Amino acid sequence: MTSWQTISLLTIAGGLIVYAIVDLGIVRRLANLQEVTQQIEQAQGVLDETIRTRQALQHQVDLLRTSPIDHDMLDEQARRVLGLAAPSERVYLDVPPTAPTAPTAVKP
């Protein structure tokens, strides 16, 4: 083998080694890009859900701000849910009757 052929062979081998190293770098970058893309898609899903939740909450706040408060309904809910009463009111509790107990036998 002549020196010219040896140089050519070494040049080709060196080129293949450089190509392999560069190609591995590209493969790693592509894998990293794929991972980052998946993370972005997951984050976008979380962001979309957060935006929907915020919009729903904002809608409820807007309804509370724009609609006048029905004081009778508010009073009724305070009584029913919280068990509140005005200081001047008497509160009567409706207690369900207990089941009658069987009479006990009396021994003479």
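The table that follows gives values for the structure above.
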item: Mean-position separation - Cα centroids, the stretch 41-60 and the stretch 61-99, in angstrom; result: 33
item: Estimated inter-spin distance, M73 and I51, nm [label 7 Å along Cα→Cβ]; result: 3.1
item: Protection proxy ranking, peptides 89-95, 77-83, average beta carbon neighbours within 10 Å, highest first; result: 77-83, 89-95
item: FRET efficiency, Q34 to L9 (Cβ-Cβ, R0 35 Å, nearest 0.05); result: 0.40
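None of the figures in this text is laboratory data; all of them are computed from the coordinates on show. These numbers come from a predicted model, not from an experiment. Here the Cβ is made from the backbone with ideal geometry for all residues, glycine too, and neighbour counts use every protein chain on show.
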